[in-house]
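Just below is one structure, and these are the notes that go with it.
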Amino acid sequence: MVDEKWVSQLVEKMMFPLLEPMAEKVGVKLPRDPNGDLFTIPLSSLPSESPPESEPQLCRSCAGMNMEALTSRTGYEHSEDIRTFLQSVRTCPLCDMIQRQMLWAIRFHAKEEHDDDPMKALGIFSVFMAKDDLFLHYPIPLVLKIDKGWHGKGMNRFIVAGTIVFSAKEGADAWAWYWGRNLLHDNDETSVQPVRPRGTEQEVLGRLSIWLKERIKEIPDWSDAGSEKPLPTRVIDLGEGPWDTENRASMESDVRLIETTGQDGYYVALSYCCGGAVRFRTLRSNYRDRLQNIRFKDLPKAYADAIKVTRGLGIRYLWIDALCIIQEDTEDFLREGARIIAVNDNKSPEAGFFPPKQAPVSVRLANLDSDEDGLKMYLTNMRSYAIEVDRGHLNTRGWVLQERLLAPRTIHFTGDYMYCEDQDDLCGEDWIRRYSTWLSSVHKTSDLTQIDIFSERNFSSSNNAVKNMKEQNVWWQRSVGYRRSESQIVLDPWLRVGEIFSRCQLTFDTDRLIAIAGLVKKKQELGQASDTDTEDEEPLPNRNFLGLWQNTLHIELCWVGTGDSKLQFLDALNLPSWAWIAHKGRIVFTRDRRVSRDPGPVRSPPSCEFELISSDVPDIVSALPLKEPASLKIRARLRKIPSISQTVTTYCTQEQTREGLAESSPFFFAEETGTIPIAIATLSECQEIFDDEDRLIGFVSFDGHTVFEEDLFCAHISTLNEDSGTPILAYALILTRLKNDDTAFRRVGLAELNHEWTTGGEDITMSLM
């Protein structure tokens, strides 16, 4: 088992100095449970380490590794040819571990599926490299080398695996190209922990059940996240229980569909890819039979696994869309959150997911042990939430984003690993909390988790700090600032929601509103979207206009298509041109994104430059296509655009010196701070805009490939200002006038413009259609 003494010492050293001063100020005695604070579940529930006699036998090449060769300039040649290495994968756990990282790396860089076939992956890698005139050396050797890099909060050592590539260019040398890395660490008290074996199916279910109970137990009194919620219209009733996880008959007994009639309760929802499967759906023809009985042995494998996991968690009700919705009856669509079982890799319900395939755990490298310090050396196959979950096949689907962010708790199943996530924490199978990742081999940094992207659901967010204090839940304050250092800070979570949703695919375009409606409704329900944070003030109304919030409309209107891709306007849906959800394709918002490159970045958001007079926009749950056009009536400064270049601009802020930028930029340059905005051309394919004297005044990104014969206008929407208040540049919608109405306009693009030039426009009242 883990040495509790060093755990206590480490947490005492790292955690309590952050908390004790705050506890003293409010007169609260700080609970001292460092072991419980480090792990998501009690130490006694963790699996044991492998006993020494069960240490795996390594192949001759892996056993022959030594520090001298690994740290040499050329590295350690593990295998002369990749085929020899792949044969060893069958029996050597370390070779298997190296292969898994190789497959991950190729998928990450090439961004293409390869079904974990190593030779197919190499083919994809070869094509990917050929784009840069680089080619594999044949036979393909496998080379290992020691490298250093950041993991968690410190610099760590890795063993990277790669091969030899060469360039077709004359005179070019061959060099090693590394495609995957494994964490090399020891068993020192401040080092990453070796990953323990998973154990039996029953043990895994037991730990998942303990995790759920522990997380519910830690919910603050002011939150309703632990209370029962209205059940969906229909759920699968798994029986009264309790279920014996070691009794197959108990875990695989028959179930039935029930109508809940407004009943409250706890339930689990299965989030998965249907893969076009039509077998075993609930139809009107079999609906009555399903209310009587559903035979377990007839179920697709994914559904059967979901029942076993749900029973293992001790929960009676399960929701699966194909079983609980009478197909083609849209009124039954689930619009509320649930505990989610998310199956990230399977592409069909016919494939199971539990338990995940047993992947190699940490492997001890006895030949690299330190005799001087008595430390044991381990090589650990690092996991990555961002790759396995964020980039998993499931999360390419539009409906899944809403399910993922609304669920109070989610268990993510990947091909060979599990992640447990709730509003306030994220752990892998090592069960170390998200904010203790300096001891974990699981890379938990992601800006797609509830913790970062849907702050209304987080217990320890800054918005809930006062509530925690009043309830004397000081223990929850441990991670308000501390955890944030472990993740990418998302300044505008809702903008991130829009960007992520635009990447996802929907089988039916008519689902575009309903697939995000739950998130909109939940934000409105929680009342966190208002401009006030005090209880004494009346919250300001914050209406939602088809995915854009009224209080930040001047920011959320400023979106463009990413890169050189153009957006497809879904005209058949009758949505307005200004709503990003009306366009198919990846979008990005232009809110100032500068980081360390600029010594004086703008920290305040753009200021609003228009007045919203009225709106004629239907509710987010409206059916598509809309029956009537949606519009916004605004008063804004409008100016006709003199001329636009016919070619794409090559202007790029990243490739110019600061002096060159100051001279060539059409925007304001502050000498005292050196602040220079990143041009919209960096985010999207743009054309240049010129004034009447042929001077560059800005850039425009058109939404589509349309060639315009009519006049184009710009409507000043917002201004990016220096922190001192000096205008830097103006954001403007690029509009065309509707032929039958001089005051009605349609969006065709977005521009960054010289602020002074935009002031020469005329203030008019207009309708945006």
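Comparison of 203, 214 shows that the only residue that is surrounded by 13 or more Cβ atoms within 10 Å (Cβ to Cβ), closer than 30 Å to residue 525 by Cα and among the acidic types (Asp, Glu) is 214. Scanning the stretch 551-585 for residues that are assigned to a helix (DSSP H, G or I) and farther than 16 Å from residue 750 by Cα yields 551, 552, 571, 572, 573.
Beta carbons closer than 6 Å, at least 6 apart along the sequence or on distinct chains, pair a first residue in the stretch 200-228 that is touching a residue at least 12 places away in the same chain (Cβ under 8 Å) with a second that is part of a helix (DSSP H, G or I) and hydroxyl-bearing (Ser, Thr, Tyr) for 207/45; 210/45. In the stretch 345-374, which residue that is under 21 Å from residue 386 (Cα atoms) and of a type in the set (S, T, N, Q) is modelled with the lowest pLDDT? Among those that are under 21 Å from residue 386 (Cα atoms) and of a type in the set (S, T, N, Q), it is 346. Going by the structure shown, is residue 563 at positive phi, of a type outside the set (A, V, I, L, M) and modelled with pLDDT under 90? Spelling it out, residue 563 is indeed at positive phi, of a type outside the set (A, V, I, L, M) and modelled with pLDDT under 90.
On inspection, residue 750 fails the criterion of being more than 20 Å from residue 576 (Cβ to Cβ), aliphatic (A, V, I, L, M) and within 30 Å of the chain's Cα centre (by Cα). Residues in the stretch 282-306 that are farther than 17 Å from residue 418 by Cα and of a type in the set (A, V, I, L, M, F, W, C): 283, 291, 294, 296, 299, 304.
Total residues in the stretch 510-540 satisfying the condition of being out of contact with any strand residue (DSSP E or B) (no Cβ under 7 Å at 6 or more places or on another chain) and at pLDDT 85 or above: the figure is 11. Considering 83, 90, 32, the condition of being surrounded by fewer than 16 Cβ atoms within 10 Å (Cβ to Cβ), assigned to a loop (DSSP other than H, G, I, E, B) and at pLDDT 55 or above is satisfied by 90 alone. Among residues that are crowded, with 18+ Cβ neighbours inside 10 Å, closer than 24 Å to residue 361 by Cβ, in contact (Cβ under 8 Å) with a residue 40 or more places away in the chain and assigned by TED's automatic domain parsing to the domain that holds residue 182, residue 134 is not included. Return the residues of the stretch 223-267 that are charged (D, E, K, R) and either part of a loop (DSSP other than H, G, I, E, B) or farther than 18 Å from residue 403 by Cα (or both); say none if nothing qualifies. Correct list: 224, 228, 237, 240, 244, 246, 248, 252, 254, 256, 259, 264.
In summary, residue 677 fulfils each of the numbered conditions (1) assigned to a strand (DSSP E or B); (2) at pLDDT below 80 with the single exception of condition (1).
Within the stretch 746-761, residues that are in contact (Cβ under 8 Å) with a residue 24 or more places away in the chain reach partners that are assigned to a helix (DSSP H, G or I) and surrounded by 18 or more Cβ atoms within 10 Å (Cβ to Cβ) with beta carbons closer than 7 Å, at six or more positions or on different chains, in the pairs 752/680.
The values are calculated or read from the model by the stated rules, or taken from the named source; none is laboratory data. If you're wondering where the values come from, they're calculated on a predicted model, not measured in any experiment. A quick note on method: Cβ atoms are made from the backbone with ideal geometry, for glycine too, and the neighbour counts reach across all protein chains shown.
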